[in-house]
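Each remark here refers to the structure printed beneath this line.
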Amino acid sequence: TFRIPDQSITLPFLLVGHVSEPRITLDKPAISFGQCLVGGARGRGTVSLVNSESMPFSFTLDKSTYDATEQQQQLLGRKPVVEFTPFQGVIPAQSSLTLQALFAPQEERSYNYNVVCKVANKPTRLTLNVKGEGYALHDALVLEGAEGLSTPLAANAVNPLDFGQ
């Protein structure tokens, strides 16, 4: 209600507005690295942040959502499994910015992260699902005799063998 007490005027007053969220999106919802050898070649992927607005917006990837903060690295005693370049910056107006993702598993297991991207002045967060699996090769050298008995052989030691002669 709009009031002017000196004039004894009272009028209903309605203010209407339209609020919209910045049109910043990811070009795909997920990156899947598949299987990667532990300690071997890194898996690579890309995702683009798309800015459909007429002004630039800054962004940052929340490192805590993919175990990449310095505290988490110290606590876990290892480098992050997933690294993004850049992990923060500015998306120019009416353009896109490509983020490079590297996956280097350090354990033989499945990984699944929901990486959060915080965009300035955007109330909702963008989320990128990142999946991959670390695997390792398990080899064994076994000598099988004529009787069907198996004898494991050590890779870094002398293995005495009796050929029955």
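The values are calculated or read from the model by the stated rules, or taken from the named source; none is laboratory data. Everything quoted here is computed from the prediction, not taken from an experiment. Ideal geometry is used to build each Cβ from the backbone, glycine not excepted, and the neighbour counts take in all protein chains shown. Areas reflect the complete protein model, heavy atoms only, side chains present, ligands, DNA and RNA absent. Shrake-Rupley method; radii C 1.70, N 1.55, O 1.52, S 1.80 Å.
Points worth noting:
- Test: residue in the stretch 69-78 that is open to solvent by less than 50 Å² (accessible area, probe 1.4 Å), in contact with a helix residue (DSSP H, G or I) (Cβ under 6 Å, 6 or more places away or on another chain) and not small (Gly, Ala, Ser): yes
- Residues that are modelled with pLDDT of 85 or more and either surrounded by 10 or more Cβ atoms within 10 Å (Cβ to Cβ) or closer than 30 Å to residue 95 by Cα (or both), drawn from the stretch 1-23: 3, 10, 21, 22, 23
- Check on residue 129, modelled with pLDDT of 90 or more and closer than 24 Å to residue 45 by Cα: yes
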